[in-house]
Amino acid sequence: MKKENSIILSYNANIHTHKLKRIVGYYYKEYVELNEKFENMSVDEYSKMMINKGENAKTEKQRDKISKEYAENIKKYYTSNISRSTLSYNDQINRLDGYIGFKYEEIEEQFELPLLDFISYDLNSINEYIVFFINYYDLVMDKLDKEDADYIKLNTLYEVNTISTIAKKYYDKVVNEAKKMQTIFRLCIDLVYQLNINDYTKKLSKDLTREQRFFVFNQTNNKPFKNISNNYKAINSLDYTYEYVDTRIPELVIGIIKAMDPKGEEISHEYKYETDNLYTAFYIMLYDIISINNWYVKICGNCGRYFLTPKATICYCDRIIDGEITCKDIGSKEQQKRKMKNNPVLARFRQIQQIKCTYSNRYKDEPFYKKDYEEFNKKGNEFKAKLKKGKITEEEFDKWLDTQDKTKQD
């Protein structure tokens with residue numbers, strides 16, 4: 001695959017979202033036939049096109065042919081999305097027996113920006129490196145020799161083992177540069193958001209704004225982004241737009257926006273950039289998010305990876321760790337454990353609750369235990385809410401628990 005596709009980055013200043021059009025690697029559990037025409041056309045676009053063709057058909061026979069073609073293509077090319085997913089750090093490549101396909105696609109990013117994922121990869125791990133190779137193919141494709149570069153094509157499926165073997169061949173070439181760029185971005189983000197820095201540096205930069213810290217980093221490190229910071233061209237940067245207004249008739253334009261957006265809150269203020277370097281796109285993302293005061297870059301208290309959050313008090317990210325369990329779920333459980341440890345009354349409530357739950361499940365034929373468990377939960381949660389609001393004391397809660405500390409029917 002030759003690098004013929006530009007990387008397009010769009011930033012909507014109104015709602016603080018990035019759209020990044022780049023090569024995306026997908027994992028398919030089962031083999032499906034990919035077709036470039038359909039891969040580059042959404043199901044809505046295809047449906048509208050075929051319905052329009054059906055409505056304009058001149059004979060019943062033509063309509064039947066269009067209907068049959070439409071049904072076959074929907075089933076053949078669009079239901080495959082169900083089995084398609086992006087790989088994460090936790091996917092074990094050597095246990096996957098499906099396929100990898102690369103697609104040039106635009107994805108909207110908000111709280112899981114690819115920049116923060118990029119700096120969170122552990123490239124000393126072969127497994128994470130291969131996932132990185134697939135997810136950031138734009139960054140690695142220039143390192144491939146002609147034979148491998150020509151072999152990997154867009155909208156084509158390859159066995160996972162095949163892509164893994166190719167990725168391993170270029171480990172040293174890819175990792176040396178990627179680690180260097182990870183370090184530069186990490187050090188900058190750490191200083192700007194006051195993460196992982198020593199007390200002396202934190203004290204010096206405490207009263208500075210994020211923009212000022214960004215300047216300090218560049219100024220004191222010989223401008224480490226200088227090779228990528230100007231490698232782009234702006235596309236329609238200074239403009240206000242409505243996505244669904246496509247007419248030049250003044251009366252129509254005014255009528256539509258008055259009906260659609262009377263307060264002027266939906267109009268987009270979008271910056272768009274084109275580059276051939278994904279690191280440049282990362283730099284623009286960093287530049288954009290630094291100026292947003294109510295967004296925070298944090299390091300997850302569970303997985304240790306960087307993430308973006310609109311709340312300063314959030315300590316865990318939304319990345320999936322196992323099945324449907326996220327770091328945030330694990331963090332909530334850990335927080336609950338700490339609460340129980342520091343509050344013996346809540347710990348006792350939880351202990352009695354677990355006992356009643358066990359009896360309810362063990363003796364399903366005896367309605368007493370299920371009713372006892374449900375009533376305990378209802379009343380206990382009322383006591384917990386009152387305790388939180390200061391309407392009752394811990395002693396009063398504990399006294400009620402004395403009446404509930406029974407494990408069998410009287």
How much FRET efficiency would the formula 1/(1 + (r/R0)^6) give for Ser83 and Tyr244, where r is the Cβ-Cβ distance and R0 is 25 Å, rounded to 0.05? 0.20
To make sure I understand, if each residue's beta carbon is the centre and we count other beta carbons within 10 Å, what order do Tyr283, Tyr89 fall in, fewest to most? Tyr89, Tyr283
Which listed pairs, of Lys103/Lys272; Lys206/Lys272; Lys19/Lys48; Lys356/Lys386, have C-alpha distances above 27 Å, in listed order: Lys206/Lys272
Given charges at Cβ of Lys, Arg, Asp, Glu: the chain dipole, positive-most of Tyr279, Tyr306, Ile107: Tyr306
Using alpha-carbon positions, what is the distance between the centroids of the range 222-282 and the range 1-76, in Å? 24 Å
Output wanted: per-residue J couplings in Hz (rounded whole) for the range 262-272, from phi through Karplus 6.51 cos²θ - 1.76 cosθ + 1.60, θ = phi - 60°, x for Gly and Pro. x, 9, x, 9, 9, 5, 8, 10, 10, 9, 10
So which trypsin sites (Lys or Arg not before Pro) in the range 10-42 pass both tests, a DSSP loop state and at most 13 other Cβ atoms within 10 Å of the Cβ? Lys29
DSSP loop (so not H, G, I, E, B), at most 16 other Cβ within 10 Å: list which trypsin sites (Lys or Arg not before Pro) in the range 251-318 pass both filters. Lys263, Lys311
Quote the relative contact order of the chain in percent (integer), defining contacts as alpha-carbon pairs under 8 Å separated by 6+ residues. 17 percent
Taking the Cα centre of the range 343-404 as origin and charging only Cβ (+1 Lys, Arg; -1 Asp, Glu), how large is the dipole, in debye to the nearest 20? 280 debye
Can you work out the Karplus-derived ³J(HN,Hα) for every residue in the range 199-209? Use 6.51 cos²θ - 1.76 cosθ + 1.60 with θ = phi - 60°, whole Hz, and x for glycine or proline. 4, 5, 5, 5, 5, 5, 9, 4, 8, 8, 7
Of the candidates Asn135, Phe38, Leu123, the farthest towards the positive dipole end of the range 7-192 (Lys/Arg Cβ +1, Asp/Glu Cβ -1, centred on the Cα centre) is Phe38
The range 15-59: which chymotrypsin sites (Phe, Trp or Tyr not before Pro) are DSSP loop and have at most 16 other beta-carbon atoms within 10 angstrom? Tyr31
Using a simple charge model, +1 on the beta-carbon of Lys and Arg, -1 on the beta-carbon of Asp and Glu, nothing else, what dipole does the chain show about its Cα centre, in debye to the nearest 20? 1240 debye
Taking each pair of different alpha-carbon atoms in the range 28-109 once, compute 1/r for the pair, average those values, and report the inverse of that mean as the Kirkwood hydrodynamic radius in Å to one decimal. 15.1 Å
Report the gain in length on full extension from Lys388 to Glu105: 0.36 nm times residue separation, minus Cα-Cα distance, nm rounded to one decimal. 97.0 nm
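Taken together, the values in this text are just the output of simple stated rules run on the coordinates, not laboratory data. Since this is a predicted model, take the numbers as computed values, not measurements. All Cβ positions, glycine included, derive from the backbone under ideal geometry; neighbour counts span all protein chains shown.
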